[in-house]
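S.K.: Sharing a structure below in structure tokens format, with a few things to ask.
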Amino acid sequence: MAAASDAAQLKAAREDIRELLNTTHCHPILVRLGWHDSGTYDKNINDWPERGGANGSLRFDVELKHGANAGLVNALKLMQPIKDKYPSITYADLFQLASATAIEEAGGPKIPMKYGRVDVTGPEQCPPEGKLPDAGPSAPADHLRLVFYRMGLDDKEIVALSGAHTLGRSRPERSGWGKPETKYTKNGPGAPGGQSWTAEWLKFDNSYFKEIKEKRDQDLLVLPTDAALFEDPAFKVYAEKYAADEEAFFKDYAEAHAKLSSLGAKFDPAEGFSLDD
């Protein structure tokens, strides 16, 4: 029996994604696409797909219209031609492939990914709204733990994954957060505008942690959930470490991203497969 996705088609799709990244600079939204498909996972639910997670459910309108997914329809529009070109790969694998490839192409670490995720088949299998993090909760550290602990992730993984905010911008018309534009975003690349967390918002490095620690630049965004990384004593240990040591950040980030990308997934074959075997 064939696996959920064809490895040769996944490899070809990865090359197409690299070309797409080079031409459209869509790294941040592709990272978000993969994360938001997997980030609905609830470790307290055993049954698939009720447990949520990386199962391709985000392709359905009912989930795309969740508040936390504002703007992700644009990512799906970028992915659909690739999915049409390679019919023997699942949406679940495609979303996670795009996310990992975007990190690597932006200068980040190589993510130890595995593939073979099975797709849900209909919108009735989408998770309920309210599973994803909120940017401005009243108790930011508690909120982050509530959401990420539900996924089975720990404090180190929460802080490492937060470092992906080194990429991208927040757009007030989508999230309610950030400035309409700054000196770093007014000319794009891509659609101009929004407020970034870092000056070079298409480069994956540890500058997110440095900038939040210093808070020197009013043109850079610091959400309540960002500030919590240096305010909460347990989070701060890791945030300080990553601000000082990019290599340590890359190592922990790669492991956390790979774990996040598999949450809740059902694999075929059961052990999954690597594209680098």
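The values are calculated or read from the model by the stated rules, or taken from the named source; none is laboratory data. Given the structure is predicted, the values throughout are model-derived calculations rather than measurements. Every residue, glycine as well, gets a Cβ built from its backbone with ideal geometry; the counts of neighbours run over all protein chains shown. Keep in mind that these areas ignore ligands, DNA and RNA; they rest on the heavy atoms of the full protein, side chains included. Shrake-Rupley method; radii C 1.70, N 1.55, O 1.52, S 1.80 Å.
S.K.: Please state which one of Leu202, Leu146, Leu132 is outside any helix (DSSP H, G or I), aliphatic (A, V, I, L, M), under 21 Å from Pro224 (Cα atoms) and out of contact with any strand residue (DSSP E or B) (no Cβ under 6 Å at 6 or more places or on another chain). Write out each step before concluding.
M.R.: Working: Leu202 fails: under 21 Å from Pro224 (Cα atoms); Leu146 fails: outside any helix (DSSP H, G or I).
One residue alone meets the criteria, Leu132.
S.K.: Within the stretch 205-235, track down each residue that is touching a strand residue (DSSP E or B) at 6+ places or on another chain (Cβ under 8 Å) and open to solvent by 30 Å² or more (accessible area, probe 1.4 Å).
M.R.: First, pick out the residues of the stretch 205-235 that are touching a strand residue (DSSP E or B) at 6+ places or on another chain (Cβ under 8 Å): 219-221, 223.
Selection gives Asp219 alone.
S.K.: Okay, next question. How many of the residues in the stretch 90-123 are in contact (Cβ under 8 Å) with a residue 12 or more places away in the chain and either outside any loop (DSSP other than H, G, I, E, B) or basic (Lys, Arg) (or both)?
M.R.: Within the stretch 90-123, the subset in contact (Cβ under 8 Å) with a residue 12 or more places away in the chain is 90-103, 105-120, 122-123.
Narrowing further to those that are either outside any loop (DSSP other than H, G, I, E, B) or basic (Lys, Arg) (or both): 91-103, 105, 110, 114-115, 117, 123.
Of the residues in that region, 19 qualify.
S.K.: Just name the residue that is nearest to Pro172 (Cα to Cα) out of those in the stretch 208-244 that are free of Cβ contacts under 8 Å to residues at least 24 places away in the same chain and not in a helix (DSSP H, G or I).
M.R.: This residue is Gln218.
S.K.: Out of the stretch 132-156, which residues are under 24 Å from Arg169 (Cα atoms), loosely packed, with under 15 Cβ neighbours inside 10 Å and aliphatic (A, V, I, L, M)?
M.R.: Ala139 - this is the single residue of the stretch 132-156 that is under 24 Å from Arg169 (Cα atoms), loosely packed, with under 15 Cβ neighbours inside 10 Å and aliphatic (A, V, I, L, M).
S.K.: Then there is this: Select from the stretch 45-71 the residues that are part of a loop (DSSP other than H, G, I, E, B), at pLDDT 95 or above and of a type in the set (A, V, I, L, M) and write down the one among them that is surrounded by the fewest Cβ atoms within 10 Å (Cβ to Cβ).
M.R.: Ile45
S.K.: Suppose we filter the stretch 72-89 for residues that are part of a loop (DSSP other than H, G, I, E, B) and open to solvent by less than 10 Å² (accessible area, probe 1.4 Å); how many remain?
M.R.: Looking only at that region, the number is 2.
S.K.: I would also like to ask the following. Return the pair list, or none, for Cβ contacts closer than 9 Å from residues in the stretch 195-207 that are touching a residue at least 12 places away in the same chain (Cβ under 8 Å) to residues that are assigned to a strand (DSSP E or B) and open to solvent by 20 Å² or more (accessible area, probe 1.4 Å), at least 6 apart or on different chains.
M.R.: Listed pairs, sorted by first residue: Gln195/Arg169; Ser196/Arg169; Trp197/Arg169; Trp201/Arg169.
S.K.: Part of a loop (DSSP other than H, G, I, E, B) and within 18 Å of Gly136 (Cα to Cα), is that true of Trp177? Quick ask: steps written out before the conclusion?
M.R.: Details: part of a loop (DSSP other than H, G, I, E, B): yes; within 18 Å of Gly136 (Cα to Cα): yes.
Yes, satisfied.
S.K.: In the stretch 236-261, what count of residues is obtained for those that are within 20 Å of Gly34 (Cβ to Cβ), surrounded by fewer than 20 Cβ atoms within 10 Å (Cβ to Cβ) and among the small types (Gly, Ala, Ser)?
M.R.: Residues in the stretch 236-261 being within 20 Å of Gly34 (Cβ to Cβ), surrounded by fewer than 20 Cβ atoms within 10 Å (Cβ to Cβ) and among the small types (Gly, Ala, Ser): 1 in total.
S.K.: Moving to a separate point now. Any idea how many residues of the stretch 245-277 are under 21 Å from Gly108 (Cα atoms), of a type in the set (Gly, Ala, Ser) and in contact (Cβ under 8 Å) with a residue 60 or more places away in the chain?
M.R.: 6
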